[in-house]
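Colleague: Sharing a structure here in structure tokens format.
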Amino acid sequence: MFEVLLAQDVPWDHVAIWQVDERVAPDGHPGRNAGQLGDFPCPVELMPVTDADPAAAAARYAGGLPERFDVVHLGLGDDGHTASWPPGDPVVDSDRPCEVIGEFNGFRRMTLTPPVVNAARSRLLLAFGASKAPMVQRWMLRDATLPVTRLRRTDTWVMLDPAAAADLPDPSAGGSR
């Protein structure tokens with residue numbers, strides 16, 4: 001996806017990229033998202049997850065955030081999480097802009113919280129693959145147990161491949177796909 005974006009005619013001198021979430025791991029760790037952002041020809045603000053005090057680092061990162069993002073790019077996990085908002089984690093109720101959560105899928109994580117993500121002018125959520133289909137369906141049915149349900153629906157754009165959309169009703173046939 002990033003390769004496609006980089007090939008587009010984007011006014012990069014007017015763009016800045018901020019991380020939405022990141023694993024607390026050393027620089028260069030293969031589990032980090034930061035490695036995917038190095039080719040962008042614009043400022044990239046990485047989350048300071050290598051800081052000795054992640055909570056203080058999250059507060060500093062939050063202090064530098066723009067007043068409002070134009071767009072926030074998100075994915076969808078097989079368990080219904082987005083950003084680093086795991087199911088059952090109190091981070092979805094935080095009023096702080098940036099939090100550090102406990103271990104989730106093997107890593108502690110730093111994440112922007114719902115108030116920041118939902119204040120953006122728009123959100124773009126990408127979900128690809130059959131493993132996402134049950135979560136996409138449950139999200140569309142407003143299953144309140146899924147963290148992704150905390151996303152504001154207005155001005156949230158969703159891109160699905162056919163496999164991820166497989167459990168959604170087919171409006172042209174009046175039933176399921």
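Results for (1) closer than 16 Å to Asp21 by Cα; (2) modelled with pLDDT under 95; (3) of a type in the set (Val, Ile, Thr), shown as yes or no for each residue.
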site: Asp89; (1), (2), (3): yes, no, no
site: Glu99; (1), (2), (3): yes, no, no
site: Val117; (1), (2), (3): yes, no, yes
site: Leu125; (1), (2), (3): yes, no, no
site: Gln137; (1), (2), (3): no, no, no
site: Thr149; (1), (2), (3): no, no, yes
site: Thr154; (1), (2), (3): no, no, yes
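Colleague: Something else about it: Name, by its number, the condition in (1) among the basic types (Lys, Arg); (2) touching a Gly at 6+ places or on another chain (Cβ under 8 Å); (3) surrounded by fewer than 16 Cβ atoms within 10 Å (Cβ to Cβ) that does not hold for Arg60.
Modeller: Result: Arg60 fails condition (2) only.
Colleague: Taking the residues in the range 16-74 that are out of contact with any helix residue (DSSP H, G or I) (no Cβ under 8 Å at 6 or more places or on another chain) and among the basic types (Lys, Arg) as candidates, determine which candidate is farthest from Ser94 (Cα to Cα).
Modeller: Among those that are out of contact with any helix residue (DSSP H, G or I) (no Cβ under 8 Å at 6 or more places or on another chain) and among the basic types (Lys, Arg), it is Arg32.
Colleague: Sticking with this one: Quick check on Gly31: is it surrounded by 11 or more Cβ atoms within 10 Å (Cβ to Cβ), at positive phi and either over 19 Å from the mean Cα position of the chain (by Cα) or outside any helix (DSSP H, G or I) (or both)?
Modeller: No: the conditions fail for Gly31.
Colleague: What single numbered condition from (1) closer than 30 Å to Ala52 by Cα; (2) open to solvent by 40 Å² or more (accessible area, probe 1.4 Å); (3) touching a residue at least 12 places away in the same chain (Cβ under 8 Å); (4) assigned to a strand (DSSP E or B) fails to hold for Thr111?
Modeller: In the conditions (1) closer than 30 Å to Ala52 by Cα; (2) open to solvent by 40 Å² or more (accessible area, probe 1.4 Å); (3) touching a residue at least 12 places away in the same chain (Cβ under 8 Å); (4) assigned to a strand (DSSP E or B), Thr111 misses (2) alone.
Colleague: I'd like the full set of residues that are within 20 Å of Val91 (Cα to Cα), assigned to a loop (DSSP other than H, G, I, E, B) and open to solvent by less than 80 Å² (accessible area, probe 1.4 Å), limited to the range 133-156.
Modeller: Matches in the range 133-156: Asp143, Leu146, Leu151.
Colleague: Can I ask one more? Do you know which residues across the range 116-132 are in a loop (DSSP other than H, G, I, E, B) and within 19 Å of Pro66 (Cβ to Cβ)?
Modeller: Ala120, Arg121
Colleague: Here's a follow-up. Name the single residue that is surrounded by the most Cβ atoms within 10 Å (Cβ to Cβ) among those in the range 89-104 being outside any strand (DSSP E or B) and under 15 Å from the mean Cα position of the chain (by Cα).
Modeller: Going through the qualifying residues, I end up with Val91.
The values are calculated or read from the model by the stated rules, or taken from the named source; none is laboratory data. Quick caveat: nothing in here was measured; it's all calculated off a predicted structure. Here the Cβ is made from the backbone with ideal geometry for all residues, glycine too, and neighbour counts use every protein chain on show. The protein model used for the area step is the full one, side chains on, heavy atoms only, and it has no ligands, DNA or RNA in it. Shrake-Rupley method; radii C 1.70, N 1.55, O 1.52, S 1.80 Å.
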